[in-house]
Amino acid sequence: MKLKYVRIQGRELSYITKAPKGVFAMCWRMIYDGVMSEEDGEIFKETEKWFVENLPEPPMCAAGDQRVICYFKTAATDHMLTQLQPVLDLLDKYEHPYDVVYTNYVGEIVYEDAYQVAVKV
């Protein structure tokens, strides 16, 4: 079976979207809460910087209207999952639970580029 989309998400809900938090939001929360060491926080920030520099940001996210969640397209993002590995290693290190969700059914797509879709929640 060929699955089109993947999302790495936590088991806690975002207060904005009421959907499971994405991988970046989980790590930022760990930094804000003082859970993650300064050194590990820098590893996360460097990884996030790569994504900011190399992945288009959905306009509704840039505008602050975060009523969407994003999924990577599996056909175009193997290298992105490799780039994301240090963040997953941090989640594992701090025993922060997350799920890797593969699906063909994401809901109503409100943004799409070569690498990802944003879905209305």
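Bear in mind that the values in this text are calculations on the coordinates, not laboratory data. From a predicted model like this one, the values you see are computed outputs, not experimental measurements. Cβ placement follows ideal geometry from the backbone for every residue including glycine, while neighbour counts extend to all protein chains displayed.
Among the residues of segment 74-101, which ones are aliphatic (A, V, I, L, M) and under 20 Å from Lys49 (Cβ atoms)? First the steps, then the outcome.
The initial filter retains those residues of segment 74-101 that are aliphatic (A, V, I, L, M), namely 75-76, 80-81, 84, 87-88, 90-91, 100-101.
Of everything in segment 74-101, those that are aliphatic (A, V, I, L, M) and under 20 Å from Lys49 (Cβ atoms) turn out to be Met80, Leu81, Leu84, Val87, Leu88, Leu90, Leu91.
For the list (1) within 20 Å of Gln116 (Cα to Cα); (2) of a type in the set (Ser, Thr, Tyr); (3) touching a residue at least 12 places away in the same chain (Cβ under 8 Å), I need the number of the one condition that Thr82 fails.
(3) is the only condition that Thr82 fails.
Residues that are buried (at least 16 other Cβ atoms within 10 Å of the Cβ), at least 3 per element: which strands (runs of 3 or more DSSP E) completely within segment 1-114 meet that?
Numbers: elements: 5-13, 20-22, 68-73, 98-103, 109-112.
Output list reads 5-13, 20-22, 68-73.
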